[in-house]
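The values are calculated or read from the model by the stated rules, or taken from the named source; none is laboratory data. Bear in mind that the values here come from a model prediction, so they are computed numbers and not experimental data. Quick reminder, even Gly has a Cβ in these numbers, built from the backbone with ideal geometry, and neighbours come from all protein chains shown.
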Amino acid sequence: MEIFNFDILSLFTLTNIIAIFAGVFIGLFIGALPGLGASIAIALLLPITYSMTPLASILMLLAIYQAGEYGGSISAVTIGIPGTPSAVVTTLDGNALAKKSYPGKALGYSLAASTIGGLVGGLVLLFLTVPLGKFALKLSAPEYFLIGILGLIAVASLSSKDITKSMISVVLGLMAGTIGIDLLSGVSRFTFGRPELMEGLSIVVLVIGLFAFSEIFSMVNKNLNTKYITDTKGLKTKVTLQEFRKVLKPTFIGSIMGSIIGIMPGLGAGASSWLSYATAKRFSKDPQSFGKGNPEGIAAPESANNATVGSALVPLLSLGIPGSPTIAIIMGAFIIHGIQPGPKVFATEANLVYGIFYGFLIITVVMYLIGRLVTPLFARALAFPNSKITPIVMVLSIVGVFATHLQYIQIWIMLGIGVMCYFLKEFDFSLPSMLLAFVLSPIIEENLRRALLLSEGSYSIFFTRAYSVVIILLILAIVVNMVFSLIKAKRVQRTSIPRPIS
């Protein structure tokens, strides 16, 4: 196999090593701070990847993502406030175990499980991406259009409590993706006569406005003097081999489920952590202790969310479809360097792809080593007040956007997006759905039009190809599931309304 012909020693350059260590350190720190998360850190650092090599920049962003998933458990365990959405499940047993004994024991389970989950996800990335990429070469415009639609529907059905609001978010993302010059006709669309928008809305501007600035407005709207105080005693992440053997089964369950769910575009670490927790509880010998400090309830979700990181790269590299919102941001680093992820990338950028495969495994090992050292320090950093964090994030956002484009108008666009997205988030619209729709918009539009050109305007091309029919059946299955979920939710809502006493 070609993957075994790659020179692994070429990864160990000074630039790549610095990128990996810096990414892990930043990911652990940002992940540990409630309300921020890896996506914001990646969005802020995306502009500096212009000056880096493609491999170093992508490894740094992946290191932030991988370490950020574990970092979210630091605040979840020590103070009961998850640093990332996927760490919400870890809070249930992690904080309970921390209150029973020292929090370091719970963090030790989390770090070990996250490392194993990350390694399993890395192996899935290593061995499944190439076969899936070769299969993707057999697909054509109709299949790519339908895969894009499949991703949108999957995201809309899972990323928000209100499916209608998720669908509206998807439409907004698709609309944002049409800004700029139409590649097939050469007509400018929604540019308002501004030459700065001819190339479309910048993914850096959108991502920073979407996540960083909307979060700044949320922080300002709350008490800026808020800070999180934790008991800093007993924070050493030490778990004996005998102790960890007891959680091998839930760790294995989380790793496998996280890897499978990560391959499915739109699901992400949040879904994998909840499903893994529920499955581990079902197969546990002591399910009644879940939520009361059972280490199995820490190992299952933590192994799952880190396994999802690696496997979410599989659809990006093989199909050009990001497996999660954070991977969609990392996709921006590919685009910045003029690289389009997809099945053709194996022929044009083979060394980059194989460097990512093996580099991801190195990132996971580095995360464990640095995590053992700095977890106690970052747990103490939770006393850092929001009044200090907010101006730092704001300055980094503005400097990052201006340094990327050297245009003041891009700062105003970012500000406008941030204000709009703050209100969208307040009304429970789905920002991840909007981002994924923006990324998928050109794929969907271009392949739809190419398919219709091939068929001379006939839509039968989508129903006469075997692969297309299979994808259509998957889409119908998801839609049917959405409809039944809505009907079930309405029935529950009706039965929960108290009837008037006659």
Exercise for the section: Identify the residue in the stretch 402-427 that is among the aliphatic types (A, V, I, L, M) and farther than 16 Å from Arg194 by Cβ and, among all such residues, is modelled with the lowest pLDDT. Expected result: Ala403
Exercise for the section: Please name all residue pairs, on different chains or six or more residues apart, with Cβ atoms under 7 Å, provided the first residue is in the stretch 285-307 and is in contact (Cβ under 8 Å) with a residue 24 or more places away in the chain and the second residue is in a loop (DSSP other than H, G, I, E, B) and among the aromatic types (Phe, Trp, Tyr). Expected result: Gly297/Phe290
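Condition check ((1) more than 16 Å from Ile30 (Cβ to Cβ); (2) in contact with a Phe, Trp or Tyr (Cβ under 8 Å, 6 or more places away or on another chain); (3) crowded, with 18+ Cβ neighbours inside 10 Å) across all residues:
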| residue | (1), (2), (3) |
| --- | --- |
| Pro322 | yes, no, yes |
| Phe334 | yes, no, yes |
| Gly342 | yes, no, yes |
| Ala347 | yes, no, no |
| Leu352 | yes, no, yes |
| Gly359 | yes, no, yes |
| Leu369 | yes, no, no |
| Leu377 | no, no, no |
Problem - Exclusive hit being more than 18 Å from Leu313 (Cβ to Cβ), out of contact with any Leu (no Cβ under 9 Å at 6 or more places or on another chain) and not aromatic (Phe, Trp, Tyr), set Ile26, Ile40, Ile30 - result: Ile40
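Condition check ((1) out of contact with any helix residue (DSSP H, G or I) (no Cβ under 7 Å at 6 or more places or on another chain); (2) within 30 Å of Phe192 (Cβ to Cβ); (3) touching a residue at least 60 places away in the same chain (Cβ under 8 Å); (4) of a type outside the set (Val, Ile, Thr)) across all residues:
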| position | (1), (2), (3), (4) |
| --- | --- |
| Phe438 | no, yes, yes, yes |
| Phe462 | no, no, yes, yes |
| Arg465 | no, no, yes, yes |
| Leu476 | yes, no, no, yes |
| Leu486 | no, no, yes, yes |
Exercise for the section: Please identify the pairs in which a residue from the stretch 147-163 that is under 12 Å from Ile472 (Cα atoms) has its Cβ atom under 9 Å from the Cβ atom of a residue that is among the hydroxyl-bearing types (Ser, Thr, Tyr) and modelled with pLDDT of 65 or more, counting only partners at least 6 apart or on another chain. Expected result: Gly148/Ser441
Fill in the blank from the handout: Among Ala38, Ala67, the single one that is under 18 Å from Glu302 (Cα atoms) and modelled with pLDDT of 80 or more is Ala67
Completion exercise
When Leu45 is run through (1) closer than 26 Å to Asn221 by Cα; (2) surrounded by 24 or more Cβ atoms within 10 Å (Cβ to Cβ), the failure sits at (2)
Handout entry: The lone exception for Val480 - which of (1) within 27 Å of Ala269 (Cα to Cα); (2) touching a residue at least 24 places away in the same chain (Cβ under 8 Å); (3) β-branched (Val, Ile, Thr) it fails
Key = (2)
